Amino acid sequence: MYLLAFETSCDDTSIAIFRDRELVAMKTRSQIREHNETKWVVPEVAARIHANNIFGVLEEVLIESKITLGEINIIACTEFPGLMPSLLVGMSVVKTLSHTLAIPYLPIDHIEAHMFANYLERETNAIHFPAICLTVSGGHNELYLWKNMFEREKIGETLDDSAGEAFDKVAKMMGLGYPGGPIIGKIASEYTGSFHSIFPNVLLNKNGHDFSFSGLKSAVKREVDKRIDKNISLTEQDIQEIAFEFEQTVVNILSYKLFHAAEILGVSSVVLAGWVSANDRLCETIEREAKQRNYYFLAPIRKIYSQDNAAMVGILAYYKHQKTSSEK
Ligand code: KG4
Ligand code: ZN
């Protein structure tokens, strides 16, 4: 069975082809360069770029896979959540292809796809259930109790900004580029000082599972303004220290909430998903803590599977199709 998967929920036009659960080819065209000027994704601009790019990306992935459209048996696309204008571009193309090729269309949930990225290049038993999954990226920041492959319950979410959004906004405050996460991560890794916890460790209700990052973001803004007032502009040392302190605070909050939920719910398996989970400090901290506390830990095997990509859409579509076929 050949499966064609599309992802256009934000600012990546990504298309993948699967032979059963094996990824045959994937092509992704990012819009980072186009959004660098605004340091933010403007939905209508992103949709227009998706519309310009989508057929070129489709052609590239078909050429690389050496598979023709006529051989495709199923087509899948991210349907929700995401930026509506961007989602509509992918869905219109996919629904048209489904109709003209007379093949079934599978709508895919973006967050569930991020979680399923953990199955890519792994066996079906790779995830130990029940697990607590932290899904953290630009558009979302949640904790799920993942009961089995297709059953999950949202137990916590952000009440304002996501961690990814906070990374993007803090980068913008310091005049750095977009997306902020990888840029701050790189600058923070070059800082040689130690952690002084200059920003608040916002845990909200210590026993609850919800997040809030807007207070942290405002604290960083105050610190940036204070240092600019003193020295006219931020020095390289200021930028490094703020990036490091901010990143470490976000990591501490995410890690605390993840293990706290696992402990409260008596779950011994923790999973990461979403592009912020590609943050080295976050991943290493959680992996180390999991080892020390005897938790089973899993994150996508490659960083490209953590960011928005069509492979995660394809692997979820494959397992969903398997499930419905076995129920018939
Ligand atoms: O999953 P994604 O591509 O889009 C959404 O579904 O929202 O996530 C994008 C977000 C951006 O906010 C970006 O700054 C953040 O993920 N991000 C990171 C890192 N790489 C990407 N945040 C922290 N550290 C990183 N290394
Ligand atoms: Zn995403």
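The table below gives the values:
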item	result
Yes/no for residue 255 being more than 13 Å from ligand 1 (Cβ to nearest atom), of a type in the set (Gly, Ala, Ser) and within 17 Å of residue 166 (Cβ to Cβ)	yes
Pairs, first under 15 Å from residue 208 (Cα atoms) in the stretch 131-155, second within 14 Å of ligand 2 (Cβ to nearest atom) and of a type in the set (Gly, Ala, Ser), C-beta under 6 Å, six or more apart	141/162; 141/163
Tabulated pairs, the stretch 277-293, first under 20 Å from residue 115 (Cα atoms) and at pLDDT below 95, second part of a helix (DSSP H, G or I) and more than 12 Å from ligand 1 (Cβ to nearest atom), C-beta under 9 angstrom, 6+ apart or interchain	277/286
Top-ranked residue in the stretch 273-328 [being part of a helix (DSSP H, G or I), open to solvent by 20 Å² or more (accessible area, probe 1.4 Å) and among the aromatic types (Phe, Trp, Tyr); ranked as farthest from ligand 2 (Cβ to nearest atom)]	318
Matching option when the condition is open to solvent by 20 Å² or more (accessible area, probe 1.4 Å), more than 17 Å from residue 15 (Cα to Cα) and within 13 Å of ligand 1 (Cβ to nearest atom), among 82, 164, 139	139
Unique match (being under 14 Å from residue 317 (Cβ atoms) and either part of a loop (DSSP other than H, G, I, E, B) or free of Cβ contacts under 8 Å to residues at least 60 places away in the same chain (or both)) among 103, 127	103
Meets criteria (among the basic types (Lys, Arg) and modelled with pLDDT of 95 or more) for residue 172	no
Residue in the stretch 38-46 that is open to solvent by 20 Å² or more (accessible area, probe 1.4 Å), over 28 Å from residue 162 (Cβ atoms) and basic (Lys, Arg) present	no
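The values are calculated or read from the model by the stated rules, or taken from the named source; none is laboratory data. Predicted model only: the values in this text are computed from it and were never measured. No Cβ is skipped: glycine too gets one built from the backbone with ideal geometry, and neighbour counts run over all protein chains shown. Protein only, heavy atoms only, side chains kept; ligands, DNA and RNA dropped before computing areas. Shrake-Rupley method; radii C 1.70, N 1.55, O 1.52, S 1.80 Å.
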